[in-house]
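Below is one structure; the comments refer to it alone.
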Amino acid sequence: MSEGIRRICAVAGYQVREKLCSRKIFITLLVLAAFIYLQEEGIRLFCRDASVSVTPCAFVFLSSDWIAQMVLSAYFVWIMSSFSGRNANDLFMIARAGTKIWKAGTILSILCGAFLYTCLLILISGAVLFPYIDFVDSWGQGWPTLALTTAKTVYAVATDIPAVIMHLHTPLEALLMAGLLQFLLLSWFGLVQYLLNDLCGNAAGSYVCVAFILADVFLANTSLEKLFRFSPVTLSELGNYSAASLKYGYDFAYALRFYLIGIVAFIIAELLIGRKKDLA
């Protein structure tokens, strides 16, 4: 491992420990877990009364629900806002590592944060359904019943359960796709937030991310499907993808291109901004 890569990893490790491993984050994660529990409480009650088990892929439906996705994304944006600030320890690290290494390490820590947060969401949303879970790669009776009958209404299930997901994908396939979309969305948010906050010297990036989240709320309550392709949050919801979505110019492959191009562009822009500051 080269010295530069080692120092980047060291900065990333410092950022994760300093910004993510705190009592404040732990307490708010408990609140988030309580929110997920309430979102899935109706599913637990249905499984108990119907004596059925479901595959632990509730995250697929949780991330496709516009209300839940709004909360999950907004919480991540709030966490990532701390990566733009600089305290005394940060300034000491910058002086030792250099601006470029610091920025590269911070970018890596944002990507790590997005990955860890996505894995945590998958684990919590699945664990909440214990003991009514069954580790099989089929939808069984539980999920289709909730999606296609009045059981969802009877048990006041808060999370939307699109039947199109079960029609097009197996549980494992859907979970992998939903997890990838979530990771890319959070990475996209974290990087655009860091870039704009650093460029403007204020919380501009955080406000932009909130605007994108609210745009998804607007689109979820309208019939403007032609605008879905421009909303990063909407593109993260697997339930929005079907044969009908192709006529509006977006599919899963389009979403991957949208996120990856944006992520690469934000990383390059951030590093170039740092270079200009170094030369100033």
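Just so it is clear, none of the values below were taken in a lab; they were calculated from the coordinates. The model shown is predicted, which means the values in this text are computed figures rather than measured ones. Positions of Cβ are backbone-derived with ideal geometry, glycine not excepted, and every protein chain shown enters the neighbour counts.
Here is how the numbers come out for the structure above:
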{"item": "Span from the region 98-174 Cα centroid across to the region 175-190 one, whole angstrom", "result": "11 Å"}
{"item": "Phi to ³J(HN,Hα) by Karplus 6.51 cos²θ - 1.76 cosθ + 1.60 over region 10-18, Hz, x for Gly, Pro", "result": "5, 5, 4, x, 4, 5, 5, 5, 6"}
{"item": "Value of relative contact order over region 1-142, rounded to a whole percent, pairs C-alpha under 8 Å and six or more apart", "result": "54 percent"}
{"item": "Cα-based Lys proximity count in region 3-279, under 27 Å, for pairs eight or more positions apart or on separate chains", "result": "10"}
{"item": "For region 162-238, alpha-carbon Rg over 2.2 N^0.38 Å", "result": "1.28"}
{"item": "Relative contact order [Cα under 8 Å, 6+ residues apart], the chain, whole percent", "result": "28 percent"}
{"item": "Highest-first arrangement of 13-20, 102-109, 77-84, where packing means the average Cβ count within 10 Å", "result": "102-109, 77-84, 13-20"}
{"item": "Derived scalar couplings ³J(HN,Hα) [region 186-203; Karplus, 6.51 cos²θ - 1.76 cosθ + 1.60; whole Hz; x for Gly, Pro]", "result": "5, 4, 4, 5, x, 6, 5, 5, 4, 4, 5, 4, 6, 5, 8, x, 8, 8"}
{"item": "Hz values of 3J(HN,Hα) by residue in region 216-224 - Karplus curve (6.51, -1.76, 1.60), Gly and Pro given as x", "result": "5, 4, 5, 5, 5, 10, 10, 10, 8"}
{"item": "222 nm mean residue ellipticity, helices alone, for the chain (DSSP H n ≥ 4; -39,500 (n - 2.57); rounded to 500)", "result": "-23500 deg cm²/dmol"}
{"item": "Whole-number D in µm²/s for region 121-269 (Stokes-Einstein; Kirkwood sum over Cα pairs; 4 °C, 1.567 mPa s)", "result": "75 µm²/s"}
{"item": "Principal-axis tilt of helix 66-80 within the chain, Cα atoms, nearest 10 degrees", "result": "20 degrees"}
{"item": "Simple label model, 7 Å out from Cα along Cβ direction - residue 120 to residue 211, nm", "result": "2.8 nm"}
{"item": "With Cα atoms, 0 to 90° folded angle of helix 23-50 axis to the chain main axis", "result": "10 degrees"}
{"item": "Residue 31/residue 173 FRET efficiency (R0 45 Å; Cβ-Cβ; nearest 0.05)", "result": "0.90"}
{"item": "Compactness of region 3-279, expressed as Rg and Dmax over alpha-carbon positions, Å", "result": "20.0, 67"}
{"item": "Gyration tensor verdict on region 1-69 (Cα atoms; rounded if a/c is under 1.5, prolate if a/b is larger than b/c, oblate otherwise)", "result": "prolate"}
{"item": "0 to 90° range, to nearest 10: angle between helix 88-97 axis and the chain longest Cα axis", "result": "70 degrees"}
{"item": "Long-range HN-HN contacts of residue 133 with modeled amide H, under 5 Å", "result": "54"}
{"item": "All Cα pairs of region 1-154, percent lying beyond 22 Å", "result": "52 percent"}
{"item": "Residues in region 170-186 reached by a label modelled at residue 253 [backbone nitrogen below 15 Å; 7 Å Cα→Cβ]", "result": "none"}
